[in-house]
Amino acid sequence: MSSASSSSKQRLVLIVSGLAVAAVLYIAWQFGGSEPVRPDVAEKSQAKPAAKTDIQPLAPTTQMPAGSAPATQLTTAEEGDVLIDEILRSEKEIPQMARDLQELVKKLNGEAQVNASRHLVNLTSDEDYSLIAGLLVDQKTNPEVIEVLFSDLMNRERTLQLPLFLNILKNPQHPQNEEVRNVMSILAGDDYGTDYPAWDKWAAEELKTLQAQ
């Protein structure tokens, strides 16, 4: 009986030991299986800074003061509107606003430049038309801007129009050259083509008549 009891105790010890080992292995397996999750968390935390760098380049342009945008830098319409608004909300006199807008037109590009030119023509009087004239006859000016300026010129006094019409007429490369020739042909009742002395003579006589009136 004592031999049987001793054998039973040995089996019980072995079973308990086996269960203990199994428990340790199970726990180790559970913790071992959870480790691959950690790199995913690390990857997510590393992805956050990348999102910030996508919007960081926009910050300097949104804080750009009026008139500081270089002509070689593309300015969006929204950024251009901010610069235009700064000028329009200033407490300066209208002639000074027009001068500031002219400087802005020369420094902007694309849609922002076109928008600034629209405000420029609205705030420029006939007396200050030199602010527009230089841009209008410069063949390097954005053709879309020239279109805005030329549309404005068509609504100005004839005495202001004729000298600029002659300038554009004598520049075959100007975007509005053909349109100016058509307009002047109607006004003169004749088309002198490239006979510029004939155009000069007609324009001088027309100006005398207008000034006499």
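The values are calculated or read from the model by the stated rules, or taken from the named source; none is laboratory data. Because the structure is predicted, anything quoted here is derived from the model rather than measured. Note that we place each Cβ from the backbone using ideal geometry, even for glycine, and neighbour counts take in every protein chain shown. The accessibility values were calculated without ligands, DNA or RNA, using every heavy atom of the protein model including side chains. Shrake-Rupley method; radii C 1.70, N 1.55, O 1.52, S 1.80 Å.
So here's what we get for this one:
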item	result
Complete set of residues in region 164-208 that are of a type in the set (S, T, N, Q), open to solvent by 70 Å² or more (accessible area, probe 1.4 Å) and free of Cβ contacts under 8 Å to residues at least 12 places away in the same chain	182, 194
Flag for residue 212 being open to solvent by less than 80 Å² (accessible area, probe 1.4 Å), farther than 24 Å from residue 140 by Cα and of a type outside the set (D, E, K, R)	no
